[in-house]
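First comes the structure, then the notes that go with it.
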Amino acid sequence: MSIKPKLGPFDLTMIVVGLVIGMGIFRTPVSVARETGTPLLFYAVWVLGGLVTLCGALTYAEIGSRYPVAGGFYKVLSYGFHPAYSFMINWTLVISNGASIAAVALVGAEYIGPVLLPEAMQHEGGRKTIAITAVIVLYIINMLGIRMSATWQNVLTVFKITLVLLLCLAAFSNSVAPPVEQAVTPVAHGWAYIFGAALVPVFFTYGGYQQTINFGSDVKEPSKNMPRSIFLGIGIILLLYITVNYAYVKVLGFEQLKHTDALAARMVAVFFGEYGFKITSVLLFLSVLGYANVNLMSNPRMYYAMAEDGVLPAVFKRVNSKTQVQEVALSVFAAMVVGMLYFMNNFDNIIRYVMLFDTIGLASAAATIFILRKNTAHLDHTGIYKMKLYPLLPAFFITVYLFVTVNIFIKDIHQALSGMVWFVAGLPIYFFMRRAVRPAGKPEA
């Protein structure tokens with residue numbers, strides 16, 4: 001397959017920004033403030049997260065340039081390690097993507113709850129009810145077809161970006177949080193623990209840039225435009241995130257930030273009162289629906305790739321000829337999301353669950369750059385993108401992500417071990433499925 005490069009630097013910059021900015025920035029600053037304890041550490045963690053993200057994005061840019069294939073993580077990890085390990089990573093990433101939808105759905109329920117629910121139902125059970133109902137409604141819509149999705153998806157993205165810019169403007173307003181009477185409580189943990197724990201929600205918020213691995217062969221003059229676009233895209237995101245977080249601290253106060261729910265809506269309410277709070281809550285909930293809807297459409301494709309590779313039954317490839325919906329794959333994925341919403345307790349638990357898989361998967365995929373550099377040395381002078389400061393940048397990225405993985409175990413050993421059970425279970429499942437599916441699929445090489 002020959003792919004003609006059609007993306008310019010502006011296209012790729014917008015792709016980077018669009019992949020990263022989601023709903024996390026409207027919720028995770030609360031968790032980061034709790035973990036860091038002081039404004040200085042709070043800002044330092046966001047800057048560090050941005051720099052690590054840049055290292056990762058540049059690493060994935062070179063991986064995508066050296067190995068421009070469809071299939072993303074699955075193909076790259078199979079090439080760099082083994083198809084069994086690739087399956088273990090990707091099957092847990094499907095689970096973590098479901099957890100990510102669950103986390104974002106809870107954020108949306110947190111915002112819309114005060115608008116929709118009576119005061120007696122504004123608790124965890126009420127928020128779970130809203131989130132589960134939203135996923136079920138989106139599942140039904142997706143089962144009917146995808147005709148309605150594309151147009152309003154772009155509209156909701158515009159609303160989301162507009163809201164981020166509105167929150168940034170709050171940093172330049174005259175609204176300042178009143179001084180807190182009580183002194184800031186000192187944090188008992190050491191710096192290593194604080195940074196490790198705080199980087200979990202930070203990396204959740206910065207996530208998405210790894211999809212640049214899919215655009216290596218689509219970019220014009222990748223040796224020039226790939227690094228420029230990634231630098232600019234991550235730079236824009238870092239500037240927006242730092243500005244938004246500064247606005248949060250300035251308008252709400254750092255101590256208040258630790259205990260604020262419906263963060264963005266509370267910010268807008270400072271300017272426009274309760275009316276602004278309700279409007280913002282509705283818009284953010286619609287943005288959550290857009291995020292969940294896109295993931296319900298796209299994640300079944302991972303099942304499709306696995307079925308195509310002969311490690312899942314062929315039924316996961318089945319597409320309805322009229323609606324173009326993978327009905328079995330979509331049903332399985334939606335059921336998994338609903339199950340996670342039902343059993344998981346809160347947002348912080350879910351993002352630790354998500355980041356456990358993401359940190360392992362992202363570090364492993366980034367490590368393939370060392371193998372690719374060796375095996376594709378003949379491409380070095382053919383115009384592909386080749387990062388500077390190699391191997392320091394990927395080594396730094398991998399080290400930090402593995403550090404966060406260790407901290408997740410320290411933070412909640414029981415939940416981390418339960419997550420690893422899913423990861424390890426992928427190995428026997430892989431060999432069983434290869435043997436069970438082979439007669440219906442392609443022969444094993």
Exercise. Once fully extended, how much extra length lies between residue 413 and residue 279, figured as 0.36 nm per residue of separation less the alpha-carbon to alpha-carbon distance?
Worked result: 44.2 nm
Exercise. Can you list the residues of the stretch 301-331 with backbone N under 12 Å from a point 7 Å past the Cα of residue 371, pointing along Cα to Cβ?
Worked result: none
Problem set entry | Rounded to whole Hz, the Karplus (6.51, -1.76, 1.60) HN-Hα couplings of the stretch 402-416, x for glycine and proline | 5, 4, 5, 4, 4, 5, 4, 5, 5, 5, 8, 5, 5, 5, 5
Problem set entry | Added length on full extension, which subtracts the Cα-Cα distance from 0.36 nm per residue, residue 436 to residue 117 | 110.0 nm
For this session: With θ set to phi - 60°, apply the Karplus curve 6.51 cos²θ - 1.76 cosθ + 1.60 along the stretch 238-247 and write out the HN-Hα couplings as whole Hz, x wherever there is a Gly or Pro.
Result: 4, 4, 4, 5, 5, 5, 4, 5, 4, 5
For this session: Just the number, please: carbon plus sulfur as a percent of the accessible area of the stretch 62-131, 1.4 Å probe, no ligands or DNA/RNA counted.
Result: 61
Exercise. Taking the simple approach of a point 7 Å from Cα along Cα-to-Cβ for both residue 192 and residue 424, what is their distance in nm?
Worked result: 2.5
Seminar exercise, completed: So, relative contact order of the stretch 6-137 in percent, Cα under 8 Å, 6 or more apart, is 16
Problem set entry | Cleavage-rule hits (trypsin sites (Lys or Arg not before Pro)) in the stretch 1-110: DSSP loop, at most 14 neighbouring Cβ within 10 angstrom | 6
For this session: May I ask you to evaluate 6.51 cos²θ - 1.76 cosθ + 1.60, the Karplus curve with θ = phi - 60°, for each residue of the stretch 16-22 and list the ³J(HN,Hα) values in order in whole Hz, giving x for glycine and proline?
Result: 4, 4, x, 6, 8, 6, x
Problem set entry | Cα centroid of the stretch 39-112 to Cα centroid of the stretch 266-335, whole Å | 17
Exercise. So who's got an amide H within less than 5 Å of the one on residue 7, skipping anything under 5 residues away but keeping other chains? H placed 1.01 Å off N, in plane.
Worked result: 219, 220
For this session: Under 18 Å Cα to Cα from residue 258, which lysines show up? Leave out anything in the same chain fewer than 8 places away.
Result: 250
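The values are calculated or read from the model by the stated rules, or taken from the named source; none is laboratory data. From a predicted model like this one, the values you see are computed outputs, not experimental measurements. Counting neighbours? That spans all protein chains shown, and the Cβs are built from the backbone with ideal geometry, glycine included. SASA here: full protein model, heavy atoms, side chains in, ligands and nucleic acids out. Shrake-Rupley method; radii C 1.70, N 1.55, O 1.52, S 1.80 Å.
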